[in-house]
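The values are calculated or read from the model by the stated rules, or taken from the named source; none is laboratory data. Keep in mind that what you see is a predicted model, and the values were worked out from it rather than measured. Heads up, the Cβs are rebuilt from the backbone with ideal geometry, glycines too, and the neighbour counts pull from every protein chain shown.
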Amino acid sequence: MLLAGGCFWCVEADLEKLPNVLSAVSGYAGGSTDNPTYENYRQGGHKEVVQITYNPTLISFREIAIFALKHMDPTDGEGSFYDRGVAYGPALYYEDDAEKEILSSLVKTIDQNGPYEKPLAVAILPRPIFWPAEDYHQDYYKGTLSGLKYQYYRTGSGRDTFIEKHWGNDTAPALSWEKDPAEAAATSTAPWQNYQKPDAATLQASLDTLAYRVTQEEGTERAGTSPYDKEYGRGIYVDILSGEPLFSSREKFDSGTGWPSFTAPISEDRVTLHEDKKLFSTRTEVRSATADNHLGHVFPDGPTERGGQRYCMNGVALRFIPEAEMTTAGYVEYLKDL
């Protein structure tokens, strides 16, 4: 993860104190020159940045971004405290569309609910090449002499006064106005649990012709026509009607058949299996457990090292929820399955 929040001595020092961050390295990024140094990085258009390595099973990309935003002035796009210019402007970098959405949504919610008088001016940018800074900049705050210089600089910059004014003691990697996702999941009823299947006329009105034929009449979409066949982003696949979770991106693979294929459902109780003798051979039909919609079939010709099963699904019977949207869509408990 890469971010900019002004002087990298300060940003590195703050992030290294966050539990489950494994390392924070000061450096330069975003400019037009290679191998920048402290003497020339500004002339090359680079920012002072910090590269963070963390344990994603214990802390999330979003939590680190929250913590970082609370420890900078995200409303000043022209610099940071008394350091002025593009080299010190705030920025959060993403590596894919899911991270971009996380950052965009985070900035929006802080703008709407946060403590700042001015709108956030944080740049959200694709991650550029990271160039580590010189050794003497790393862990600058820990040195005997450099530590004194760092403390003098930090106190004089007004960073800590700004943080105290806007966040007080609330500098944890969470937003107080958001209900804890785990708590929300534990105390709420999943919407698909109360799903009542509509009558045929209502279903025909709510589904297009192909989706109705596949899910209600056990039809099959043409191979190679579903965009989900080549979808390999992180997330889950849910029933098109009920929204019940069916498959995780973790179990998806390229079967070469032209249909979205998985090695297993997200949970065995999310689907039901039925003998299907409609064609010349007996097949095993797969249906969604709650909505009882036809999804496809399962065959014993999947990857042997992953159990040997191929759940061959009709993409039109599914809806993909990207990882970045799973929490707000009510699927936070399934993040562990990605």
Restricting to segment 190-235, name every residue that is surrounded by 12 or more Cβ atoms within 10 Å (Cβ to Cβ) and of a type in the set (Asp, Glu). Glu218, Glu221, Asp229, Glu231
Can you name the residue in segment 13-36 that is at pLDDT below 90 and surrounded by 18 or more Cβ atoms within 10 Å (Cβ to Cβ) and is also nearest to Glu99 (Cα to Cα) among such residues? Val21
From the options Glu39, Glu63, residue that is within 23 Å of the chain's Cα centre (by Cα) and surrounded by fewer than 23 Cβ atoms within 10 Å (Cβ to Cβ): Glu63
Is it the case that Ser242 is in the same structural domain as Gly315 (by TED's automatic domain parsing) and over 20 Å from Gly302 (Cα atoms)? yes
Determine, yes or no, whether Glu305 is at pLDDT 95 or above and either of a type in the set (Asp, Glu) or on the phi > 0 side of the Ramachandran plot (or both). yes
Only one residue in Val214, Val238 is in contact with a strand residue (DSSP E or B) (Cβ under 6 Å, 6 or more places away or on another chain) and either at pLDDT 95 or above or assigned to a strand (DSSP E or B) (or both), so which one is that? Val238
Matching residues, segment 285-320, being surrounded by 15 or more Cβ atoms within 10 Å (Cβ to Cβ), of a type in the set (Val, Ile, Thr) and not in a loop (DSSP other than H, G, I, E, B): Val286, Val298, Val316
Tell me which of these Val50 doesn't satisfy, since it passes every other one: (1) surrounded by 16 or more Cβ atoms within 10 Å (Cβ to Cβ); (2) in contact (Cβ under 8 Å) with a residue 60 or more places away in the chain. (2)
